[in-house]
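This report concerns only the one structure given below.
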Amino acid sequence: MSAARFLRAKVIGVVLLASALIIAIATIVPRGEGAPKADSADVGELTEVATNHFTRLATIMVEGRQVAQNSYDFCEVDSIEPKVNGVLFSQAVENHRQELAQMGEKYSSSRSDVTIDNIVPQADGTIRAVATETTYLTTEGSGIETGYSTRHNLVFSPTPGGGWKLLHDEYLEPTGLLSLGEAESLVSSRP
């Protein structure tokens, strides 16, 4: 065996040994205490928190903002909701509900389903998730169900009791409870 072949074999051996060592360390060494964790139980909890959030907002289309605020703890929702043309999202939805009502379109019930598409634990302990919201509104009188589906970028923070709280809700598509023009203003210009 020539010296060049011997040296090449040694280099390949060292690289393979180093790679195996890195993989072994990564699988054996536990994550630090402060490292965020996300597991299948979290997906269920995050889905529940997100579903409650979207249900609260859809309730505005049925009952109006004031009734919805009295029925739910909207302080939490108001603290994270974006503004649409300078107006809080929930107020913009209320305005749209009133415009539709003037045209004869009213809703008798709503329901929301959420699918967490992916979750990414962040170094600060929060979880960033992409979720798909599907909300259905039942038209008053006819009972016909209409609806929409849209994706959101959500940020959740752990609570002292071991649960999760929604910190941020960003629309990824221009659809939802608002008119198209208003919904488009909610979508981030980021890719």
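None of the figures in this text is laboratory data; all of them are computed from the coordinates on show. Values in this document were obtained by computation on a predicted structure and should not be read as measured data. Cβ: placed from backbone, ideal geometry, glycine included. Neighbour counts: every protein chain shown.
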Legend entry - Whole-Hz couplings from phi, Karplus 6.51/-1.76/1.60, listed for the range 147-152; x for Gly and Pro: x, 7, 9, 8, 9, 10
Inset, instruction - Would you work out if the range 112-175 is rounded, prolate or oblate? Take a ≥ b ≥ c from the square roots of the eigenvalues of the alpha-carbon gyration tensor; rounded if a/c is under 1.5, else prolate when a/b is larger than b/c, oblate otherwise. - result: prolate
Inset, instruction - Within 10 Å, count the other beta carbons around each residue, average over each peptide in 153-164, 46-57, 104-115, and list them highest first. - result: 46-57, 104-115, 153-164
Inset, instruction - Take the Cβ-Cβ distance between Ala101 and Lys165 as r, set R0 to 30 Å, and report the resulting FRET efficiency rounded to the nearest 0.05. - result: 0.35
